[in-house]
Amino acid sequence: MATRRLRSSTVVLGGMGLLALTITSCGSEPDKRCADRTTQKTLPSSECRSGGSGSYYYGGKSDSGKLQGGSFDKSAVDRGGFGCSGSGGG
């Protein structure tokens with residue numbers, strides 16, 4: 001009887017973990033960095049605040065200070081996550 005109870009607890013805990021993973025991955029925001037739209041070089045975050053010359057770049061990676069593989073359009077970057085619709089948001 002103890003073995004049956006242990007298996008049941010493992011299934012419940014595993015299911016809760018999977019649910020938590022699904023919720024957190026669907027609600028995640030893509031990484032964002034401040035960058036120059038023309039050169040795609042990273043800028044200090046203060047340049048993306050009102051009146052600054054930068055724009056937020058979502059996703060992608062930085063290689064030697066230049067961003068690639070992402071987009072300035074937040075809705076174009078899909079975080080994906082298990083169980084997500086993939087419709088993009090924003």
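Summary table
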quantity	calculated
Net +/- balance of residues flanking residue 34 in space, Cβ distance below 14 Å, scoring K and R +1, D and E -1	+4
Relative packing of 58-66, 44-52, 30-38, which averages over residues the other C-beta atoms within 10 Å, highest first	30-38, 58-66, 44-52
Spin-label pair residue 28/residue 45, simplified geometry with 7 Å Cα→Cβ offset, distance in nm	1.9
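Laboratory data are not the source of any read-out in this text; all were calculated from the coordinates shown. None of these values were measured; they are calculated from a predicted model. FYI the Cβ positions are ideal-geometry reconstructions off the backbone, even for glycines, and counts take in every protein chain you see.
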